[in-house]
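Notes for the one structure printed next.
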Amino acid sequence: MSDAVETVVIGSGISGLLVARELIAAGQEVTVIERGRMRLDADTIPHGQREERTPATEHNTETAPGSERPWKYGYAFGGSALLWAGVAPRLLPSDFELQSRYGLWRDWPIGYDDLLPFYHAAERALDVSGGPHPLFPGSDDYPIPPPPPSSADRLLGPLLEPFGPLPITRRLEPEYPPSIEAEGPDVETAGNALAIARELAAADGFSVREGTAAARLRTAGDRVTEVECIAADGTHSSILARRVVAAAHGIENAALLLRSDLRDGPVGRWLGDHTHVVLDVELDRPMGPWGASTRDTGLSGTWAEGDWRVERGSAVVIPFNPGLLLRDRLVGAVADGARGDALRDEMTDLFTRTAVVYVSVEDEPREDRFVELSSRKDRLGLPLTRVSYPPDGEYAIRGVQEVRRGLEERLAPLGAKIVGNRIGGHGGHLLGTCFMGPDGVVDENLRHHRLENLYLTGGSAFPTYSALHPTTTIAALAVRLGRHLVRDGA
Amino acid sequence: MSSKRVAKVLGLSEDEVGLLLKRARAKLGGRGLAIRELAFLLATAPGLRLLPRRLREAAIRPLVYALVPGPTENLLYARVSRTPAAAERSGGSA
């Protein structure tokens, strides 16, 4: 059975929701296809239980040899936003112009100034807390005031200029971490996406095909004509569509095109993620009082921008307010025979003098990082998506090394010594694969180069990756696309 | 009695360890916590110090992870005061 729909949006994450929101606000009709279930109270469910287990939500990637990476995304209404930590900076102006400025890879077909009004709109939609930061021109118009600087920000920030508030969607608390007597879950960010979802769910013209996978796009000439769907129970259907917006992430958007045999341009190529490391930096003095309003409140751009980007990756540094996770140190000390007050004093001293900083580093776009279809199939009968992602390259590694070296140098007045170095949470930023640009898959308006009614948005549209967290830019691109579709009647 | 021993080893007051044990019990259940406590107490008993360090760590870790799993418990354990004066919170950029 087929239904005719004005716009079909595939994926209900931040991208899909914000495109839909613009269209609905203009009185248009939107159907969202989502593999997961629609739970508008998902922010009350623990993270690990937000995806209902069905054949449609079984994660459908396989890893090529040597490509182990824990790709993180969510199959639920709200998408990967339900897993988001809420860190919400923009990209740097230079991130859009790496070819023009440094001769690197490619420029984006749009610049920071083009995106600025949409950044403002996205930040309002996501309730971002932020304030003026020297890295981001025009960053004086956030809907919520910036998080107050934490003790770590106050101590480290003056030595790590340019330093300023980290834009973040996490709710600001009088105290973070919350009191030990407090009940309930940690600070929740999924509520920001779900607030948009709740608004849409009540709107005229909005509908959701939940528990349904978009299997393939059918085309005729230069248009997509229908979306083939498979429900969790195996039922096949199709939706006739005047316009289709693929708003999933870098793996899923590419996989949809590949399953549909739409291989125009570098579909699936140039998959990107960030390199994350976490450094424990021991200081010669305590940082207290510990006051913080949320998990991360400050952002350093000391290693973000410079001509050296021709040889090493840009990096941003974020003090981590919860501080050192004591448990491993505690286990070691107890095993070594430390006991009682002496043990506790040792842990208190260690905790108060150790700054934990999170470092996100830009990696280079590489052609040997890509997704393709596997010969194996998932429970819906669709090919698995095979991901090839060789480990961090020299460009990113040099970026990490420079931060390690420079951090001790910059923080020398505090007697800083790096005593711990861990890999951070890889795999959450699924970028590239359908990038925008003349040699990419979509144009500057995110329209497919050949199919006039197909648009691809989300992280897949990024031509290069920056060092900064992508969600706000993903959201700004979605708002921009939504308004373009409304304005141009595209 | 065992909570008293745990408190003594970790340098916590009985009230503090009681609170941490209560939180851990709510997550793990009474039996899961009791097994961890037993392993911890055995590994930290004075007579068993001759066990290889690796084994001591393996026995100590489950209870420590249960009691001090994350930031909130860190703050209690490390005796860190959380909140500066409200006046300090009105600032913008750091």
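Every number here is computed from the coordinates shown, using simple stated rules; none is lab data. Note that this is a predicted model, so its numbers are computed, not measured. Cβ placement follows ideal geometry from the backbone for every residue including glycine, while neighbour counts extend to all protein chains displayed.
Taking GluC sites (Glu not before Pro) across region A:1-110, the ones in a DSSP loop with at most 14 further Cβ atoms lying within 10 angstrom of their Cβ are A:E68. Amide hydrogen proximity for A:T169: with H placed 1.01 Å from N in the peptide plane, the residues at 5 or more positions away or on another chain lying under 5 Å are A:V87, A:A88, A:S129.
Normalised size of region A:113-165, defined as Cα radius of gyration per 2.2 N^0.38 Å with N residues, equals 1.24.
On the beta carbon distance between B:A45 and A:R404, with R0 = 45 Å, the FRET formula returns roughly 0.60. Of the GluC sites (Glu not before Pro) found in region A:111-185, those in coil by DSSP whose Cβ has at most 13 other Cβ atoms within 10 Å are A:E181, A:E183. By the count of other C-beta atoms within 10 Å, a proxy for reagent exposure, B:R25, A:R312 are ordered fewest to most as B:R25, A:R312. Using the Karplus relation 6.51 cos²θ - 1.76 cosθ + 1.60 with θ = phi - 60°, the per-residue 3J(HN,Hα) values for region A:92-108 come to 7, x, 5, 4, 8, 9, 5, 6, 5, 7, 10, x, 9, 6, 7, 7, 6 Hz, with x marking Gly and Pro. Applying 1/(1 + (r/R0)^6) with R0 = 41 Å to the Cβ-Cβ distance of A:D113 and A:V310, what FRET efficiency is obtained, to the nearest 0.05? The value I calculate is 0.95. Ellipticity at 222 nm from helices only: DSSP H runs of n ≥ 4 in chain A, each -39500 (n - 2.57), divided by the residue count, give -7500 deg cm²/dmol. Taking label points 7 Å from Cα along the Cα-to-Cβ direction, A:A220 and A:W105 give a separation of 4.0 nm. Per residue, the average separation of C-alpha pairs within less than 8 Å and at least 6 apart gives chain A a relative contact order of 25 percent. A DSSP coil position with no more than 14 other Cβ atoms inside 10 Å describes the following trypsin sites (Lys or Arg not before Pro) in region A:206-293: A:R263. Put the Cα centre of region A:289-336 next to the Cα centre of region A:396-433 and the gap is 8 Å. Rounded to whole numbers, the Karplus 3J(HN,Hα) couplings from phi for region A:198-214 are 5, 4, 5, 4, 8, 8, 5, x, 9, 9, 10, 9, 8, x, 9, 9, 7 Hz, using 6.51 cos²θ - 1.76 cosθ + 1.60 with θ = phi - 60°, and x at Gly and Pro.
The 3J(HN,Hα) values that the Karplus relation (6.51, -1.76, 1.60; θ = phi - 60°) gives for region A:454-460 are, in residue order, 10, 10, 10, 10, x, x, 4 Hz. Gly and Pro appear as x. Ordered by the count of other Cβ atoms within 10 Å of each Cβ, fewest first, B:R79, A:R37 give B:R79, A:R37. This ranking places A:T348, A:T44, A:T385 by how few other beta-carbon atoms lie within 10 Å of each, fewest first, which gives A:T44, A:T348, A:T385. Taking amide H as placed 1.01 Å from N in the peptide plane, the amide H of A:H429 sits under 5 Å from that of A:H274, each at least 5 places away or on another chain. P(r) tail for region A:314-422: Cα pairs beyond 24 Å make up 53% of the total. Extending 7 Å from the Cα toward the beta-carbon at both A:A203 and A:A25 defines two label points whose distance is 0.8 nm.
In this structure, the amide hydrogen of A:A76, modeled 1.01 Å from its nitrogen in the peptide plane, lies closer than 5 angstrom to those of A:G36, counting only residues at least 5 positions away or on a different chain. Electrostatic bookkeeping for A:A213 treats Lys and Arg as +1 and Asp and Glu as -1; over the other residues with beta carbon under 12 Å from its beta carbon, the sum is -2. Going 7 Å from the Cα of A:R376 in the Cα-to-Cβ direction, what parts of region A:423-446 have a backbone nitrogen less than 19 Å from that spot? The answer is none.
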